[in-house]
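Heads up, the thing below is written out as structure tokens.
Just so it is clear, none of the values below were taken in a lab; they were calculated from the coordinates. Small disclaimer: the values here were computed from a predicted structure and weren't measured. Note: ideal-geometry Cβ built from the backbone for every residue, glycine included; neighbour counts use all protein chains shown.
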Amino acid sequence: MSISLNLIQSLALAVIVLLIGSMLKKRVGFLRKYFIPTPVIGGLVFAALMLVGNQTGSWSVELDQSLTDLLLVAFFTATGFAFSVKDLKQTGIIGLKLAVLTVILVIVQNAIVPLISPLAGIDPLLGLTMASMSMAGGPGTAAAFGPTIVNMGIENATLVALSAATFGLVMGSIIGGPVAKYLIKRHKLTSKDVSETIDLDFTNKSDGLSEKTFMNSSFIILISMGLGTLMVMLLNLTGFIWPDYVGGLFVAAILRNVFDSMNITLNLKSINIIGNIALSLFLALTIMGLEIWNLFELALPMIIVLLTETIVMILFAIFIIYRVMGKNYDAVVMSSGMSGVGIGSTPNAVANMEAVIEGNGPSPNSMIILPVIAAVFLSIFNPIIITLFINLL
């Protein structure tokens, strides 16, 4: 039995899948513990049912995914409005160091791909799907760039990228604690060994939600998306091929800082909500369309690449992040947090740091600065760096 759904039916089914994912997340502790996103849960359940149908020859469902491009551009454009030079300045030297380390980590994750891909017996472009695209980027970036690699002739790139991202969400929560424990024991640190606390104010003065704020936020996102297409045309003149969604991200980041300089306040809460809705629907539709049966023959190469990326993350946290961030207790907590966000997501980072703090004492700077810096700089610079490596490999 084969069922073909049109756009409206596919979108409605994606919403049902999201509701199923939300229900499962509330009832299954493992999914909450490792911060598996709702669209990933529901999407994988649907993909697993399609796997059963494929293997038994019983059923298949063909989805209309023509809306995914629009949803993807909307998400990245909304993300661009988070980049504020004004906010970055508030974090001082600690924030600057962390921002630089975040960018370096992304470069390292991609740079090792040409070295380990031959060992795993795979094309470097396929290896790239298991680098910062899925590790530091998470499911959203993995689903965004996977089709780009597929269009370059690499089959199953989206499937591998999303599978790697799911692995990262779990592993990101596992390695943070041991990293912190090793550093605290090795250097005999306590919560008294911290940097001077920084007073930060990232509050948005226009956080109220109304029909008008949602309308204005929708309009500015759509305008930025349109201008972003022109930005991509200009970027493509460099000889590199840039994905459409990078343009919207650039334009949004520029507009945010122009508005900051003019003391014009954007309603970031409504912008974030719109972006998150777009991301949830995009992920659900993308993961629902995964052909899991094509993953079987890639299991061993994936294990080789993903274990290498995990080891690199651990070493980077212990020997680079800890030292650069001051070799004190704050640095330990940030190393644990970066272990989470570096191959998982921002919630992984926060959970790792909370676990360390619960057992060893407070670290105000870490909890305030790291989630903001890591999330913003990964959102802005990771797509740029990925695009550069795609064009270089």
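Structure values in brief
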quantity: Leu295 versus Asn263: modelled label distance in nm, points set 7 Å from Cα along the beta carbon direction; calculated: 5.3 nm
quantity: Highest to lowest packing among 276-287, 52-63, 225-236, scored as the average C-beta count within 10 Å; calculated: 276-287, 225-236, 52-63
quantity: Neighbour-count ranking [beta-carbon atoms within 10 angstrom, fewest first] of Lys33, Lys97; calculated: Lys33, Lys97
quantity: Centroid-to-centroid separation of the stretch 336-383 and the stretch 147-177 [C-alpha atoms, Å]; calculated: 20 Å
quantity: Hydrodynamic radius (Kirkwood) for the chain, which is based on Cα pairs only, to one decimal in Å; calculated: 21.6 Å
quantity: Added length on full extension, which subtracts the Cα-Cα distance from 0.36 nm per residue, Ser60 to Val45; calculated: 4.0 nm
quantity: Additional length obtainable on full extension of the chain from Val85 to Leu392, 0.36 nm per residue less Cα span; calculated: 107.6 nm
quantity: Karplus (6.51, -1.76, 1.60) ³J(HN,Hα), θ = phi - 60°, over the stretch 263-268, in Hz, Gly and Pro reported as x; calculated: 6, 9, 9, 8, 8, 5
quantity: FRET efficiency, Met233 to Phe30 (Cβ-Cβ, R0 30 Å, nearest 0.05); calculated: 0.10
quantity: Table column - 3J(HN,Hα) (Hz), the stretch 328-337, Karplus curve with 6.51, -1.76, 1.60, x for Gly and Pro; calculated: 10, 5, 4, 5, 5, 4, 5, 4, 5, x
quantity: Placed amide H near Val61: partners under 5 Å, 5+ positions off or other chain; calculated: Ile3
quantity: Length released on extending from Phe240 to Leu70, taking residue separation times 0.36 nm less the Cα-Cα span; calculated: 59.0 nm
quantity: Trp242, Trp293 arranged by Cβ crowding within 10 Å, fewest neighbours leading; calculated: Trp293, Trp242
quantity: Calculated log₁₀ intensity ratio I(q)/I(0) where the Debye formula runs over C-alpha points of the stretch 257-345, q = 0.13, 0.21 Å⁻¹; calculated: -0.83, -0.96
quantity: Order by protection proxy (mean Cβ within 10 Å, highest first), peptides 68-79, 309-320, 131-142; calculated: 131-142, 68-79, 309-320
quantity: Order of Ile104, Ile303, Ile369 - criterion: other Cβ atoms within 10 Å of each residue's Cβ, fewest first; calculated: Ile303, Ile104, Ile369
